[in-house]
Structures are given as C-alpha cells and as structure tokens.
Amino acid sequence: MNLNFLEFEQPIAELKAKIEELRMVGDDNEINLQDEIDRLKTKMRGLTESIYSSLTPWQIAQIARHPQRPYMFDYIERIFDGFEELHGDRAYADDHAIVGGIARFNGRPVMVIGHQKGRDTKENIYRNFGMPRPEGYRKALRLMNTAERFKMPVMTFIDTPGAYPGVGAEERGQSEAIARNLLVMAGLKVPLICTVMGEGGSGGALAIGVGDRVLMLQYSTYSVISPEGCATILWKSAEKAPLAAEAMGITSDRLKELGLIDEIVPEPLGGAHRDMDTMAETLKQVLVEQLVQLDGISTEELLEQRYNRLMSYGQFTSQ
Amino acid sequence: MSWFEKLMPSRIRTEGGTKGAVPEGLWAKCPGCSAVLYRAELERNLDVCPKCAYHNRIGARRRLDSFLDPEGREEIGAELAPADPLKFKDSKKYRDRLTQAQKSTSETDAMVCMRGQLQGMGVVVAAFEFKFMGGSMGSVVGERFVRAADVAQEHGIPLVCFSASGGARMQESLFSLMQMAKTSAALRRMADRGLPFISVLTDPTMGGVSASLAMLGDINVAEPGALIGFAGPRVIEQTVRETLPEGFQRSEFLLEKGAIDMIVDRRDMRDRMANILAMLTNQPVPEPKREEGAPQEQEQQQPVAPEESEEQQ
C-alpha cells in the first residue's frame, strides 16, 4: 500500500505506480512509451475526478488529516511576506501548537495566527499534534490585542484535533482561555477572517475561529466533536466514526448549506497536498476579495454585523 | 475481615456497604457521608446534606425558586423549542431523545431563564436543567441565554447563571459549537454596558459550557465539590495514561488554581450573591427577606436518578 495515498485512493496509487514503471522502462529502452503513459495519465485524472466527486464525509475527514496536507507555515511562506513570528503568552510559556506573528499581505501589515501540526513524530511532539494548551490561546489573544492596537486585520488559520486534554492544561484554565478568546474576538475592532485549513476540532478550533468571515477549504472539516469521539459516546464504538461523520454534517458544503460558514475555497484535484502552490494561490485570492469587502465597512458597522451574525446562529422553533 | 474490623463492636460495623433496603422516596442516602436522611428534611435544606454538606444536584426550576424572591417572576424565552436541523440519528433519533427528555423533565430544553428579584434587587437568572440531556447546550439554550442577557440590558440589571452541563449538544453539531461564540458575544455586550454577570458553576460544568459562558463571570462562584473543567476526567486519563490526583477538577481545586473567586454553600447563595450584586451595582446593603431556609413552594420532587451520565463534549 502506498502511504502517500489514502485507502480509498489506492486505485489511483496503482495507476501512478504503473506510470512510473513505464517511465523507467521508457528511459532504458528505445521504444517510445509516451503514448501509453499519456493514456494512463488521462485515465488517472479521470479516476481521481470520479473518486473525488463522490467522497463521503469520513473520506473527507481523512483528507483533512492527511499527513502531507499543507499546514500553517506552508501557507505563511506562500501567501505572506516578511513574517516575524511572535512568541509566548507573557505569563507562562510559548505554545508551539499555535503560531502567530506579523506579516505583509500584498504589502499590507496583518496579524496571522494559526494552529501548526508537525510532519513527523518528532515535530508532532514539539507541536503537540496541533493541540493547544491555555498558553496557546492566550498567546493568540495577546496577538489579537496587538493587532487591534496597530489596526491590523487578523487572519486566523484553523487545523487542530482540539484543545489539549491534559492535567496541566486544566490546571492553567483551558476553559477560561477558550472562553476569553470568544468574548474578545466578538468585539475586536479590526477585520477578522478565519479559515479552516484542515481539522476544525471543536472548542479548540473555535477559540481562534470567531470572525467576520469564516472560510473552509473544500476538504476541511469543522465539528463540535471528532467523529471518533461522537461515535464513542453515541454509538458506544469508535468504529462507527464514518456514521458519526455523516450524521454531524462536518463538511464544507454541508456547513455552507446550513449557513454556518461563508465560503468554500476550492482545492486542487486530489486535495490541497497534491499542489500546495495552487492551493495557496487560490486561498490568497479569496482572502484578498474578503478583505476588500471588509475594508469597505466602518468599524462600528463591522462589529454590528459580526454581532448579528453570531446571534443568528442556531435553529429552533417559537410558538 | 481485617484485625481492625474484628476489633470493632458489631453495632458500628457497616455490613456490605450497599444495602439499598430503603424505600424509594421517603429516605435518601447521602452520596457524601452515607447518612440516611429524611427526604423532606433534605429538601428543606435545599438538597444539601445537613451532616456533611454534600451538595446534591438540583433542577433548574427548583434552583430559580430557591434563589429568587417569590414575587414578580417572569420567565424568559419559554416559547422557544428545539428543532432538529440535521435530522440527527444515532442509535436513537434526536427527536425521540428530545421527546423523552421533555416528558421526564417537563421542560422544553435544558435551560430556564427568569427575570425577578433577589432580596429586592432586579436580576435576571438563567439555570441549566442537567436532567435534560445532560444539560447540554444547543440552539435553544444559547438563544435563551442571549435573551436573558438582552432583558438584563434592557432593564440595566445584573445577570446570574447557574450552570450544570456536560457541554455542547452533539446532536445539533456545529450549531451547538456556535452557541459558545453566541453566548460569549452576548456577555461582551453585558460587559460593555457595565452590567455584572455572575457565573455560578454547579456540579457538573464541563466542555463547551465551561469553555464559554460559565468561565466568563465578572465573578466566578462554585458550589462545593462540583466537577468543573474542559475535558472530562476519563478523556484526560486516556490521554495522559495515569490516574488523576484526588480532587482534580473539583471546586476546591479550581479555587486553588485561581480559576474561580469563591466557593459558596447553596444555603448561603442568596445572601452572598445579594451582598456581592449590591456592591457591584452600588446599592445599599440588601435585607434578607426570606424566612429561614424554607424554599418557596414544596414542589413535588421527582425521584432522583443516581447518576445522570449523559455525556457531552
């Protein structure tokens, strides 16, 4: 099994392996295999398109967690210039699961904040698998207040399994740290654009996810609890995660339908990790458009709109 | 039997521990000190054990009833009822879970809000009903809380919330998560208008509720021994793979760690909150009007289920 491909992508992986083989043979021999290679490439593209046109929510959750999926620093590199990372919450520590700093976005200073996962085991331990502790949220809060002071728009990038469930995190007030961010973001006097890049895991995601615009990459997910967690509690078995993913409606298209997010950022064929540059370029264009829209709104109006939007969340009946 | 137990005279020896021969309803065994208590007396004592001060969980209506002055109460958002936007179904339909919870609690959802008076001072109070799907926060809870905050702002009076919740309601998925943002935004407005919000955390306050409105009090209060935290103890145990220290995530632990301002005994709640609110709103010292200890109406108390374990995130 090719580990660069997910289970449901294995037919694509097989075709790819065949193409590689032909290429090798073609290099060694005089025979021209180019026609055959082209034929297989077209076939591979068709197959990818067909698989990706009918993904289940659970399959999308796997793409969102793909170990090669672009992370925060991949986007910082490609979308922003002159990034200066700012560290620490000034009270306890620097959390490596959330990174942030000032950077230029098309020449304009902005504050960027986002979760960072690691690519390998060592990095993942350093980044705590993208699961922040309270100091991470407090660093984010500090940076947002700095942004407000210098009138910089804030762009957040979400990709976390959730806030870290540990003894120390509880002792230092994980709940309060998340809650405080929600309260402050609701009234922050600068434009706030939040993008879910991969996993939008519950309160740990929302803690940097309250904004004037909430965007989701096409194959990202956003949910109140992980499909595994939901399945464990409601179906009494983590194996039922695919069912839970289906029932909770965690995908970008479903959440757009429900009016909970504003825009879906399309991903390259086969997911963001197949072509990071194109992904970053597309995302940048969307961010430019959104920021232009928000720039046209006075601060007062911006806050009013943000508040009304928050108040509109929820569905109930009224007799 | 150990040598020590053998030494004890038989009349003070406890046999077997659990001998549930007590008829349901008349007597209650205290989960704290195992004392057998006359239920009527326990109720008169606001469901706090007179021997060891163990705080039993109480429902939303009873809470409001024991906290507010009897006159001039007005319920807020009673007309709201839950919807099922996702047509959610696990082993059971969300619709059916709702119907069942509504039947067993006589509430439409997991929160009751009222405007009323506390020792003569105007106040809006919200209370979670834990028996309604573990007090989980969905769209109705969020909306009622916001409306309660709106009424408080309209009248320029404080807001008090008694939380008891497992967290966000999974069956409303991301709608539930967004209630965290919604309720927190409403509290920002309260703060902007200079109105106090007192959060009273009762057993248990976890997950999305603790990570939003419940931790945002100008003053955070807890009842003794309440379980309060973000992640549930079992989840943490599975993550860190060690047993948790005694008293972890209990009120006393939170006080020690600086997360809450104080622990207040339920029987003193009215007086202490009135005292605090009067200072925060710069009013004269309030006069306790209520006759000693007696709750307003002797409500028919439903048999208490030993442990409601509706787990939420």
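The values are calculated or read from the model by the stated rules, or taken from the named source; none is laboratory data. Remember, it's a predicted structure, so these values are computed and weren't measured experimentally. Cβ atoms come from the backbone with ideal geometry, glycine included; neighbour counts cover every protein chain shown.
Odds and ends about this structure:
- Qualifying residues in segment B:94-115 (those that are under 30 Å from residue B:158 (Cβ atoms) and among the charged types (D, E, K, R)) - the one surrounded by the fewest Cβ atoms within 10 Å (Cβ to Cβ): B:107
- Residue in segment A:263-275 that is over 20 Å from residue B:175 (Cβ atoms), in contact with an Asp or Glu (Cβ under 8 Å, 6 or more places away or on another chain) and among the β-branched types (Val, Ile, Thr) present: no
- Enumeration of residues in segment A:186-208 that are hydrophobic (A, V, I, L, M, F, W, C) and either touching a residue at least 40 places away in the same chain (Cβ under 8 Å) or in a strand (DSSP E or B) (or both): A:186, A:188, A:190, A:192, A:193, A:194, A:196, A:197, A:205, A:207, A:208
- Subset of segment B:116-150 that is among the basic types (Lys, Arg) and buried (at least 21 other Cβ atoms within 10 Å of the Cβ) - its residue that is farthest from the chain's Cα centre (by Cα): B:144
- When residues in segment B:90-149 are screened for being of a type in the set (A, V, I, L, M) and out of contact with any strand residue (DSSP E or B) (no Cβ under 9 Å at 6 or more places or on another chain), 4 of them pass.
- Restricting segment B:267-288 to residues that are among the acidic types (Asp, Glu) and at pLDDT 95 or above, the residue that is surrounded by the fewest Cβ atoms within 10 Å (Cβ to Cβ) is B:268.
- Residue count, segment A:99-134 (criterion: of a type outside the set (A, V, I, L, M), over 24 Å from residue A:65 (Cα atoms) and in contact with a strand residue (DSSP E or B) (Cβ under 9 Å, 6 or more places away or on another chain)): 6
- Beta carbons closer than 6 Å, at least 6 apart along the sequence or on distinct chains, pair a first residue in segment B:172-189 that is under 23 Å from residue B:95 (Cα atoms) with a second that is of a type in the set (D, E, K, R) for B:176/B:169.
- Residue A:13, sole failed condition from (1) surrounded by 16 or more Cβ atoms within 10 Å (Cβ to Cβ); (2) outside any helix (DSSP H, G or I); (3) not hydroxyl-bearing (Ser, Thr, Tyr): (2)
- Residue count for segment B:241-266, restricted to those that are of a type in the set (A, V, I, L, M, F, W, C), facing another protein chain (nearest Cβ under 8 Å) and exposed (fewer than 15 other Cβ atoms within 10 Å of the Cβ): 1.
- Counting only helices (runs of 4 or more DSSP H) that fall entirely inside segment B:27-110 and contain at least 2 residues that are under 29 Å from residue B:151 (Cβ atoms), the qualifying elements are B:60-67, B:94-105.
- Of the residues making up segment B:223-239, those that are in contact (Cβ under 8 Å) with a residue 60 or more places away in the chain and either of a type in the set (A, V, I, L, M, F, W, C) or within 10 Å of chain A (Cβ to nearest Cβ) (or both) are B:226, B:232.
- Failed item, numbered, when residue A:202 is tested on (1) more than 8 Å from chain B (Cβ to nearest Cβ); (2) at positive phi: (1)
- Looking across segment B:31-54, the residues that are touching a residue at least 24 places away in the same chain (Cβ under 8 Å) and touching a strand residue (DSSP E or B) at 6+ places or on another chain (Cβ under 6 Å) come down to B:39, B:48.
- Number of residues in segment B:65-93 that are among the small types (Gly, Ala, Ser), within 18 Å of residue B:110 (Cα to Cα) and surrounded by fewer than 18 Cβ atoms within 10 Å (Cβ to Cβ): the value is 2.
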